[in-house]
Amino acid sequence: MPELALAQPAIPEEPQQTPRRADIWKRNEKLVYLTNFLHMTLYTMCFGGIFDIFLYHLSQEQQDIFADAISVGANASPPIFEVNTYSNFELTFAIRPSRQASYPPTSNCSTVYTCATSILHVTDGSGNGDCCKVGNRIPFAYFANGTSAVMLYITLHIPLTSQTPPHVSTYLRIAMDAVGQNETLDRRSYDQLQHCSAPKELPLHEWTNIKLKASAYGNSKGKIEHSDGGMVMFINDEKVCEVPGTVYHTLPSRQNARLFLGSLQSPPMRSHDLHLPAEAEIKDVKYGKPASNLFVGLANSAQGILSILIMYPIGWIGDKTNRYHLLRGNVLVAVLSGAAMLAAVYSLSLPLLFTGICIFTWYQQTISSTIYACLADNVIGERRTRAGVNYKTFSALAMSFGPAIQLVVVLWGPTEDSWTMSTFELLLLPGWLILPLIVLSVSLMVPVGKELSSIPNTDDAQDCPHSPIRKRISEAWLEQCVLGSLKRRFVVPLLVNVFFIATLLANGMTVRYFSLYFTQVLRFSPAQLCILNAVCRLFIAGFAQLGKPLSVLLGRCNLAVVLHIGSAIATLGIYGGGFFKPSVLVACACYLLRFACLHARDPVLYSITMDCVPQSQRSRWAALNSLRTLSFSASAVLGGFLADRHGYEYSFNVTIVSLLACTVIMLPAVLWFPKQEGTNYEESVGQAMQEDALISERRAVGEVQSAPSRPL
């Protein structure tokens, strides 16, 4: 009784302290979710898929020659435009033929081979006419003469003669100079070597989109067949012809070349153009370099490589200092990054752009790794899988909220639903207004942990409540050596994170190019892409809720492997892999499923890592998990190189094969971290020890009974 009386005063204190700590843990957990939501909204708006498309367009150094329709024809006087040409270029325009022009019966155009009608002609003016010195046609687009004549020439190579009717069709042709060409050729010989023709006439009174592209093979995106490069023509995004072997990558650039609509004009040309102008309207003329996926990859790889370099130092700093103070100071880094990016987008300055990217990478890596550790500080071990799922759910909601805001800007803002620089400015820059809310959120967090404050974290607290349903992982089980002298608590998280990083390497080759695939191949507008991304992230948020029940049913390592393989199969469904051609609806559905599988997998890997490693090392291990947000952009440069050279589908194929190969890394973890996860290890050990003791006792009794009697 006296002992009970002495113990009584201690009883009321713990109920008073425990709710206070529990309230702080719960509040901090909610603030972690809020901070992550705000941060991911900012990240999605400022550095998401729209940013990749911005980089893609920025790489073109595009010159917008004119946008509104200009008439070309016998009674028109179109202006002359100056343009700086490139060795590799893309020239795009839209044309609406009004009628088929014709030469007068007395014309000698058949004799001099000039019965075509001129549409658009870029020349440096160095020659004495429209042909055939280098620089005269860089390039020249025209309608060929009469339907019957041109088809005889194209199919049977029957020469055009003076008896050929000088009627002009709307068969579109292109011609392009090449370094080393024979400048003494006449027009007929030149055209036989250096032109290509559309297979059918352009429709009258309808707008048709034309793209002329000259490039080396390495930047052909799989559209140029010859290894020397070439000139290709696309009509309404479909390749129709190619001028092979012209070695365009050696064609020198020209400053202040001239772009003529219709016939060449004299002056400034020194001789009269014998071609009549075509009867048509032309609009949206743009000239620039071929857009570079490699440039997109380089910008993203700058993030990825820098993340690798600073990943461990930031994790170490988070473990050795007050990680909550580190979060607050980190917002100042975001402010510097925002200032640089605002200036870069408005000025199109590459130095400012890469400066902003590098500064933001420090901020991104710090907040991602530190906030993971803060979440683990405030969530008991039994709830960490659920907390990881919640974390990813809020990330997905944020990455849906960002595109939803951008969609509102596109539909109701002062910009059109097209990929222009003004559209990029309005979509990329408003996200930085979220920074003050992030400052407020991280400022409200209360530091926990016996080394940081008087309030312990959930692992320090001895009376922290534990789930009666799920048992804690046995420390003795984690301390077992499973690979030589290496313990399970080190080997399993090491395998999990090597697998994690390997899959990010594989996914990094393509994840930054899905937006470009949907816009450049499937021709999505800004509004359509925003809708796709918003719906995708909502789907992820719902799908992520399956993580907890599935992990209980299958085991966490088993579930991670299943979701990983599912993401690889879904990636194949986006483009078909050459086995089939998916519809836009199927491609979008597979896009949703791919990201859903990956986002459901990552919290599982995170919870395995946090449950295995000592709490004193959580920040440095969490730094590895934080790479997910950057999608390990270090491999994006390889994906950009493959996409430029062979097309998006080829880089997607490489990714799928790499993902399937990564599965091998995870298989040992499946064996060493099975479904039961060592929760019944101590009980099993206790039972085994009891059984051993019982057996020993029985043996001892048996030996006594069987021993021979001795005389007293």
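Figures for the structure shown
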read-out	value
Spacing of the two label points (7 Å from each Cα toward its C-beta) at D68 and T420, in nm	1.3 nm
Potential extension, S349-L660 segment - 0.36 nm per residue separation minus Cα distance	108.0 nm
Order by protection proxy (mean Cβ within 10 Å, highest first), peptides 23-34, 525-536	525-536, 23-34
Highest-first arrangement of 481-487, 62-68, where packing means the average Cβ count within 10 Å	62-68, 481-487
Length released on extending from L437 to S453, taking residue separation times 0.36 nm less the Cα-Cα span	3.3 nm
Eligible lysines near K581 by straight Cα distance, threshold 29 Å, same-chain separation 8 or greater	K200, K211, K213, K221, K223, K239
Cα shape, the stretch 259-318, gyration tensor, a/c 1.5 rule	prolate
T184 paired with L671, simple spin-label distance in nm, labels 7 Å along Cα-to-beta-carbon	7.7 nm
For the stretch 35-47, Karplus couplings with θ = phi - 60° (6.51, -1.76, 1.60), whole Hz, Gly/Pro x	4, 4, 4, 5, 4, 5, 5, 4, 4, 5, 6, 9, 9
Ranked packing of 608-614, 201-207, 509-515, most packed first, by mean Cβ within 10 Å	509-515, 608-614, 201-207
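Read-outs: derived from the displayed coordinates by stated rules, not from any lab. Fair warning: this is a prediction, and the values are worked out from it, not measured in the lab. Don't worry about glycine lacking a Cβ; one is built from the backbone with ideal geometry, like all the others, and counts go over all protein chains shown.
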